[in-house]
Each structure stands twice: as structure tokens, then as C-alpha cells.
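The values are calculated or read from the model by the stated rules, or taken from the named source; none is laboratory data. Note that the structure is a prediction, hence the values are computed from the model and not measured. Here Cβ is always computed from backbone atoms with ideal geometry, including for glycine, and neighbour counts include all displayed protein chains.
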Amino acid sequence: MRRSNPSQLSRAASTFACVAVTAVTLLTGCGGGGGGNGPSMGTANVMLADSPSCGYDHVYITVDHVEISSDGNSWTTIPVNPALGRIDLLGLNNGTLVSLGQAPLSAGTYQQVRLVLVANGNSAPFANSVVLSGTGTEIPLKTPSAQQSGYKIVGPFTVTAGTLVDLVLDFNACKSIVVAGNSGKYLLKPVVTAIAEVVSGSISGTTIPNSQVYVEQQSNTGPVVLTGAVADANTGAFTLSPVLESSAGGPVDVVIVPPPASGTAGYATYIVQDVPVVAGGTTSLGMLTPLAASTINTASGTVTVAGAPGAANLVADQTETVTVPSRTYEIASTSTTTGPYSIPLAASGPWLGTYSTPLPIKFTEDTAGTDAGIYDVTATDAAGTSATQPANVSAGPVTVNFTLTP
């Protein structure tokens, strides 16, 4: 989801929430003694999932109901059980889903889904809020229009008679949080993409615990992060879902960024290229360990948002030139208000492998002099103003400062 909407602030680590709408269509009689079949009906089951770690200890939302429309005028309401209460998006990970509610849904093509949230009260615990890492303080999320018109997500997706369709709304929780200058207010502006699960599958594997794992595709404007997960803190297992089937969206690449070990000690980035995705199935990458060691250096500095004080998103990309044509990957990101930032990056080149069976996947280090430890760091403010500078951390930490002028 990288830079698809530059006005949104990104995550300090990849965080995604998925809302799956399951429609089971049934033929029902139209009544009146004719015995003929009326419109096809189904059941919409809305579920929510997320992957943790993004610079916040908690991101809470409380959904009042979900609405689905085929034309943007009339809406089918899916009520949410109030007993579910508020949901900590960062407490869900690796494809885990929590059910929000069910309602009948007619067969057909639907263009929009919207999430309507419960309004915040005057004191904590708030229905919608964030807790900044290490502070323990709950800050209410401002949710403009969320209680009236709701947050709109564009489809389309199709419910076909006699089939089961899951619509998964990939909700990037931390990219959806915008800091409103130095006011201390936090706004929720959801960044969401929709994938019908009938054309999507999953990718699984095991690597170093707490690694950030991304599914990415190449585009004319740079890498696009489709979804992400954090490898289990104990086992290192991860599941990436939903991912569009290869016949619809082409093969994808999986980027694995292990956490720093201690100080400047750490591991290299690993990339599995051309991973096929089968709708309704799971592509296994197997055991992706051990990983090669790498020195970890930082790209750091200050960001100044000109005009009014505000916040900025920083993304570090790395290009590998071994593949023809070359491919660029998002490796890390963070967000900050006007002031300092720091991004840890591997001083080596990435290790590249092409998906093949039987497993395990074979990797080769990218040792090209133009690749190892060389990144482009892009800073983007909430207004969409951005600037990009190179950062070469192959020999040590570097300072890269940004001034964003509208």
C-alpha cells in the first residue's frame, strides 16, 4: 500500500487489519404461491484481523455496524454485537479473524463498503483510541464522519448465486493514523484495500521471530506493499493473507526484515521473488532460517515540516540490480512529528531467492556495489509534500535531513 495515498501517514512497522465479508448465497422462493425462485440471498459475516507493532502499544476501534451497497444509494446493514466492545487491532496477527456480525446479503455486484464506528465518550476508556508506545496513556482518536456516513471503502466484489465469497478489507491500522500537528490530537483516516477472497490466497513460512514480513509487487511508481505480518515472537511462524491470486494480480515477492539483534549486530534482508498465489490455497515458503548476519547501521536525522508543525512518514527503499529488470523494495518505515527520526538498515545487500519446489528456497547475496547498504529514503508529510534522498549505510550510520516545503 506504499504511497498509494501520500496524505496518509505510514506505520513504524507494517500493520494491517482485514475485514472479511463472507456471502453464502441461497435460492429463496419469492412467495405468492408461484413456487418460482426469487432473488438470491446470502449471509454476510464480517471479521477483523491485524498484525501488531507500529509505534503504538494499542490501537482501539469500536465498530457500530457495517454497510454494503451495490449502487452507493441503498445500503444493507450488518449490525455488530455490542458485547464485542472495542477491538485492539494490534492484538491480532497472522491471519487471525474476529467475527463482527452477520446479516442477509443479496447476490449481485457491490461497489462500496463502509464502517460506522461508535462515538467516543468524554473519558477513558475511549471507543476509539491509541496508546503511544511506552506511555500507558490512552489518547482518543478523532473520527471525522465515522459516526454518520462511516468510512467508505470502494469495491467492487461480486456475490454469485450458490457460491461463497469472502471480501477482505485490508485495513492498515498505523498508516491510517494521522498526527494533527503539535495539537496532540490523533485522527483516524483509514487506508483500506478490498480483495475478494474468491481470488485470493495465503503465504506462510517460518523465520526469525519478530521479523517484519511484507508481500510486495512492482509498479511504475515504486514498490506496492499488499499486506504484511509480524513473525510470531516465539516460533517465527507467519501467515500473509489475503494476497490476490497470481492469475489476477501476477506473482508477488516476499520481503523479510529481521529485527536487529543488539547494537549494530543483526541480519540481512531476505527476498523471495515470484511467489505464486492460488485462490483458496496457501503457498508455503518453508523454513527461512538461518539467515546471514549483517551489520545494522542507521539512517537518521531531522524532519522539518514547513509552514505549520506537523508529522511526516519516512520510507526506506532498496533496489536490487541482479534481476532484469531491477526491482525496488520497501524495507522499513517510521513516522515522526517535526524533529528527529532513526531507521535501522542492513549494511549488506539483500539475499535473493526465486520461489521453487521442492523446498528449501536457495538464496544468493546481492553483492553489487550499487546495492549493498544503499537505500533511498523518502519523507512525506500529511499534505502530500515529499522529498527523496540517498542513504548509504554500507560503511556506517549516515545523517539525512529533510525540510518539507509545500
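Taking the condition out of contact with any Lys or Arg (no Cβ under 8 Å at 6 or more places or on another chain), at pLDDT below 80 and either in a strand (DSSP E or B) or surrounded by fewer than 16 Cβ atoms within 10 Å (Cβ to Cβ) (or both), does Leu100 pass?
yes
Which residue pairs have Cβ atoms closer than 7 Å, lie 6 or more positions apart in sequence or on different chains, and pair a first residue in region 134-150 that is more than 18 Å from Gln112 (Cβ to Cβ) with a second residue that is of a type in the set (Lys, Arg) and at pLDDT 65 or above?
Pairs found: Lys142/Lys185.
Hand me the list of strands (runs of 3 or more DSSP E) wholly inside region 219-331 holding 2 or more residues that are under 21 Å from the mean Cα position of the chain (by Cα).
224-230, 237-244, 252-257, 270-275, 282-287, 311-320
Taking region 377-406 on its own, how many of its residues are acidic (Asp, Glu) and touching a Pro at 6+ places or on another chain (Cβ under 6 Å)?
Filtering region 377-406 down to residues acidic (Asp, Glu) leaves 381.
Imposing the further condition that a residue be touching a Pro at 6+ places or on another chain (Cβ under 6 Å) reduces the set to none.
Going through region 377-406 one residue at a time, the tally reaches 0.
If the Cβ limit is 8 Å and pairs must be 6+ apart or interchain, which residue in region 278-303 that is on the phi > 0 side of the Ramachandran plot pairs with which residue that is surrounded by 19 or more Cβ atoms within 10 Å (Cβ to Cβ) and assigned to a strand (DSSP E or B)?
Gly280/Gly201; Gly286/Gly205; Gly301/Tyr341; Gly301/Phe402
Are any residues in region 216-247 over 25 Å from Arg114 (Cα atoms) and hydrophobic (A, V, I, L, M, F, W, C), and if so, which ones?
At the first step, the residues of region 216-247 found to be over 25 Å from Arg114 (Cα atoms) are 216-223, 230-239, 246-247.
Across region 216-247, the qualifying residues are Val230, Ala231, Ala233, Ala237, Phe238.
Take region 237-260 and flag every residue that is among the aliphatic types (A, V, I, L, M) and more than 20 Å from Glu365 (Cα to Cα).
Ala237, Leu240, Val243, Leu244, Ala248 - these are the residues of region 237-260 that are among the aliphatic types (A, V, I, L, M) and more than 20 Å from Glu365 (Cα to Cα).
Would you please list the contacts, defined by Cβ atoms under 6 Å and residues six or more apart or on different chains, that run from a residue in region 358-370 that is surrounded by 11 or more Cβ atoms within 10 Å (Cβ to Cβ) to a residue that is among the acidic types (Asp, Glu)?
Asp366/Glu320
So which residues in region 300-347 are touching a Phe, Trp or Tyr at 6+ places or on another chain (Cβ under 9 Å) and closer than 19 Å to Ala268 by Cβ, if there are any at all?
Hits for region 300-347 are Ala316, Asp317, Gln318, Thr319, Glu320, Tyr329, Glu330, Ile331, Ala332, Ile343, Leu345, Ala346.
So that you can scan it fast, the table gives a plain yes or no per residue for (1) surrounded by fewer than 16 Cβ atoms within 10 Å (Cβ to Cβ); (2) under 28 Å from Pro190 (Cα atoms); (3) among the aliphatic types (A, V, I, L, M):
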site: Val322; (1), (2), (3): no, no, yes
site: Ser335; (1), (2), (3): no, yes, no
site: Thr338; (1), (2), (3): no, yes, no
site: Val377; (1), (2), (3): no, yes, yes
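When you scan region 379-406, how many residues do you find that are of a type in the set (Val, Ile, Thr) and either farther than 25 Å from Pro340 by Cα or modelled with pLDDT of 95 or more (or both)?
Within region 379-406, residues that are of a type in the set (Val, Ile, Thr) and either farther than 25 Å from Pro340 by Cα or modelled with pLDDT of 95 or more (or both) number 5.
Within region 381-394, can one find any residue that is part of a loop (DSSP other than H, G, I, E, B) and within 23 Å of Leu345 (Cβ to Cβ)?
yes
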